[in-house]
Amino acid sequence: MTKTEQNKSIVFIGSECYPFVKSGGLGDVMYALPKELVRQGNDVRVIIPNYKCIPAKYRDNMEFKGSFDMDLCSDGRTFYVGIMEYVLDGVCYYFIDNEEFFTAGNPYTTIVDDIPKYCYFGKAALAALLYLEWVPDIIHCHDWQAGLIPIYLRTLFATTPLSSAKSVMTIHNLRFQGIYGLDHIKYWSGLPNHVFGNDCLKVGENDANMFKGGLAYCDMITTVSNTYAEEIQTDFFGENLDGHLRYHKEKLCGIVNGIDVETWDPATDPRVSVNYDVNNVIELKKENKRLLQEEVGLEQNEDKFVIGLISRLTDQKGLDLVNEILPQILDGNTQVVVLGTGDTRYEDSFRYYENAFQGIVSASIMYDETRAHKIYAGSDALLVPSLFEPCGLTQLNAMRYGTVPIVRETGGLKDTVEPYNVYENSGNGFTFDRYETALLYDAIERAKDVYFNNRENWDEIVVRDMYKDVSWTNAAKQYMDMYIEVIER
Ligand code: ADP
């Protein structure tokens, strides 16, 4: 039997999961990877908080599995833990229910509230497993919100049946770490003093870092691309944890994300205006482009080169570069359609450009899944000029929809987009390396040049992108190999 033929039990624990609650790529991964692992024969369940913002169609149909009181804080303060269940696409989801912690309309509020919330969530998730009498082989924790779980497992839960499980921590984004006053985290977590040393939770003089602690205590660290796994061990990308990660590098590896190719399928996607596949993409993309132009207020003209940008509007995403060169790339034949929310300065600047270049630039300052799908389907190219990008999903979605990515060579963007090579007529997109406006400008110009002057080659890139395997199948096999290695250690 090969490694990947052995079936395992795995619990995913994290702060968001599509379609219940999603603010970015983490939510996509928490949905699609368990689904694929179940398809490959494993028992995978997911635990997330039961936030008030989860749509009623799910909340109203959850099944109550039980409840108990759990002691949490160092003074023995106890809290209610309810367990709700919902099964979707073969995956069993448990929702940790507590109205005190999960009332807000958004999963993340302020760090002051988020620290107690995710201390509670981490301990409650493990306590729920004990309550359900389900001991998985692997406890797979995602990002800082689940950072205390590997520590709980080896301390307060060390004498429970759960101690036989191994823990894996995945870094989806190292920028957010859950840092707050050490005394505060000590109080809320109820964890013993010895885990608050410099080798584990402590940072600086008086702070604790929940991600750092989890990375120290887990059995394996993964991140979402090979390049990002290397990058985070350096000063520039390491977000002050590069030394910690270099120390733990023997247990660190990268596995590139996939996307859920059923949700993201232009042939069946109900959110796309005109469905298409690789055989008719060249014709039908024009129709989607025209309908997109109409919807977002751009001049309707299928000959324009439409560049999409779907992103959280933050510094990470390279938007200062975009802002600087936007007027220059508007040459009369190019249109830009932006979808995103985030920092006010970017929201305002894109609104300004929409106003200044009416019919040429469109800015939808909102979070809207349907519009996102329409932009993937109706654009010619998608811009992802990130300063850093652990994996990036938008370039994968884009390729699946025959939309050519223009990306900076960092993290997962570097690992998934092969630069177009004019001599060999190979590659999937257009790339640039250093974080400079001139290089972004140059990459866009190179893309335009092929689009306007060598359409045959452009169309071949489109078709190559649609054929590229961006599914979870291969990545899920790599996760299985990693789980088995950790279990057999
Ligand atoms: P990150 O997790 O850093 O935000 P990713 O590229 O990993 O970035 O994932 C972003 C995901 O969120 C993609 O599925 C993208 O389509 C989606 N997304 C981002 N912004 C919006 C928005 N404003 N409306 C709809 N979907 C969005």
Task: Residue selected from segment 292-303 under the condition away from the ligand (no atom under 16 Å from the Cβ) and open to solvent by 30 Å² or more (accessible area, probe 1.4 Å), by the criterion nearest to Lys374 (Cα to Cα) - done: Glu294
Open item on the list: Which condition from (1) within 19 Å of Leu393 (Cβ to Cβ); (2) surrounded by 15 or more Cβ atoms within 10 Å (Cβ to Cβ) is the one that Thr473 breaks?
Closed with: (2)
Task: Residue that is open to solvent by less than 10 Å² (accessible area, probe 1.4 Å) and more than 16 Å from Leu72 (Cβ to Cβ), where the choices are Asn193, Asn209, Asn226, Asn198 - done: Asn209
- [ ] List the number of the failed condition for Asn240; all other conditions in (1) open to solvent by 30 Å² or more (accessible area, probe 1.4 Å); (2) farther than 21 Å from Asp315 by Cα; (3) not acidic (Asp, Glu) hold.
- [x] (2)
Open item on the list: Contact list please: Cβ distance under 7 Å, first residue in segment 310-322 and of a type outside the set (Gly, Ala, Ser), second residue at pLDDT below 95 and within 12 Å of the ligand (Cβ to nearest atom), pairs at least six apart or on different chains.
Closed with: Arg312/Gly24; Gln316/Arg175
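Out of the residues in segment 149-162 that are free of Cβ contacts under 8 Å to residues at least 60 places away in the same chain and assigned to a helix (DSSP H, G or I), state the one that is most open to solvent (accessible area, probe 1.4 Å). If you could, list the steps in order and put the result at the bottom.
Looking only at segment 149-162, we keep the residues that are free of Cβ contacts under 8 Å to residues at least 60 places away in the same chain, and these are 152, 155-162.
From what's left, assigned to a helix (DSSP H, G or I): 152, 161-162.
Working: Tyr152: 0, Pro161: 88, Leu162: 0 Å².
Checked segment 149-162; the qualifying residue most open to solvent (accessible area, probe 1.4 Å) is Pro161.
Do you know which of the residues in segment 304-319 that are charged (D, E, K, R) and more than 8 Å from the ligand (Cβ to nearest atom) is least open to solvent (accessible area, probe 1.4 Å)?
Selected residue: Lys304.
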Task: Residues located in segment 283-305, provided they are in contact (Cβ under 8 Å) with a residue 12 or more places away in the chain and in contact with a helix residue (DSSP H, G or I) (Cβ under 6 Å, 6 or more places away or on another chain) - done: Asn288, Lys289, Leu292, Glu302, Phe305
Task: Residue count for segment 173-221, restricted to those that are assigned to a strand (DSSP E or B) and out of contact with any Gly (no Cβ under 7 Å at 6 or more places or on another chain) - done: 8
- [ ] Scan segment 348-380 for residues that are surrounded by fewer than 24 Cβ atoms within 10 Å (Cβ to Cβ), away from the ligand (no atom under 12 Å from the Cβ) and of a type in the set (A, V, I, L, M) and jot them down.
- [x] Ala356, Ile360
Task: Some residue of segment 398-407 being more than 13 Å from the ligand (Cβ to nearest atom) and either surrounded by fewer than 24 Cβ atoms within 10 Å (Cβ to Cβ) or at negative phi (or both) - done: yes
TODO: State the number of residues belonging to segment 69-90 that are open to solvent by 40 Å² or more (accessible area, probe 1.4 Å) and of a type in the set (A, V, I, L, M, F, W, C).
DONE: 1
TODO: For segment 133-141, state whether one or more residues are in a helix (DSSP H, G or I) and free of Cβ contacts under 8 Å to residues at least 40 places away in the same chain.
DONE: no
Open item on the list: Quick test for you: out of Tyr118, Tyr86, pick the one residue that is closer than 17 Å to Val46 by Cα, in a helix (DSSP H, G or I) and not β-branched (Val, Ile, Thr).
Closed with: Tyr118
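Among the residues of segment 243-259, what is the count of those that are open to solvent by 20 Å² or more (accessible area, probe 1.4 Å) and part of a loop (DSSP other than H, G, I, E, B)?
Of segment 243-259, the ones open to solvent by 20 Å² or more (accessible area, probe 1.4 Å) are 243-244, 246-253, 256.
Still in the list and also part of a loop (DSSP other than H, G, I, E, B): 248, 256.
Residues meeting the conditions: 2.
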Open item on the list: Can you tell me which condition Glu424 does not meet? The list is (1) open to solvent by 10 Å² or more (accessible area, probe 1.4 Å); (2) within 11 Å of the ligand (Cβ to nearest atom), and all the others hold.
Closed with: (2)
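Within the bounds of segment 163-173, is there any residue that is of a type outside the set (D, E, K, R), open to solvent by 30 Å² or more (accessible area, probe 1.4 Å) and under 26 Å from Met220 (Cα atoms)?
Taking segment 163-173 and keeping what is of a type outside the set (D, E, K, R), we get 163-165, 167-173.
Those left that are additionally open to solvent by 30 Å² or more (accessible area, probe 1.4 Å): 163-164.
Subset that is under 26 Å from Met220 (Cα atoms): 163-164.
For segment 163-173, residues of a type outside the set (D, E, K, R), open to solvent by 30 Å² or more (accessible area, probe 1.4 Å) and under 26 Å from Met220 (Cα atoms): present.
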Task: Pairs with Cβ under 8 Å, 6+ apart, first in segment 452-464 and over 15 Å from Lys304 (Cα atoms), second open to solvent by less than 40 Å² (accessible area, probe 1.4 Å) and assigned to a helix (DSSP H, G or I) - done: Asn457/Val450; Ile461/Val450; Val462/Val281; Val462/Lys285; Val463/Val281
- [ ] Mind listing just one residue for me: the one in segment 313-352 that is in a loop (DSSP other than H, G, I, E, B) and over 18 Å from the mean Cα position of the chain (by Cα) and, of those, nearest to Leu413 (Cα to Cα)?
- [x] Asp343
Open item on the list: I'd like to verify a number: residues in segment 384-430 that are farther than 17 Å from Glu460 by Cα and not aliphatic (A, V, I, L, M), how many?
Closed with: 18
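Filter segment 20-42 down to the residues that are within 12 Å of the ligand (Cβ to nearest atom) and either open to solvent by less than 40 Å² (accessible area, probe 1.4 Å) or aromatic (Phe, Trp, Tyr) (or both) and list them by number.
First, the residues of segment 20-42 that are within 12 Å of the ligand (Cβ to nearest atom): 22-32.
Passing the criteria: Gly24, Gly25, Leu26, Gly27, Asp28, Val29, Met30, Tyr31, Ala32.
Go through segment 435-467 and give me each residue that's outside any helix (DSSP H, G or I) and either small (Gly, Ala, Ser) or crowded, with 16+ Cβ neighbours inside 10 Å (or both).
Keep residues of segment 435-467 that are outside any helix (DSSP H, G or I), which gives 435-436, 454.
Scanning segment 435-467 gives a single hit, Tyr435.
The values are calculated or read from the model by the stated rules, or taken from the named source; none is laboratory data. For clarity, every value in this text was computed on a predicted model and none was experimentally measured. So basically every Cβ, Gly included, is an ideal-geometry build from the backbone, and we count neighbours across all protein chains shown. When the accessible area is computed, the model is the full protein with side chains, heavy atoms only, and any ligands, DNA or RNA have been set aside. Shrake-Rupley method; radii C 1.70, N 1.55, O 1.52, S 1.80 Å.
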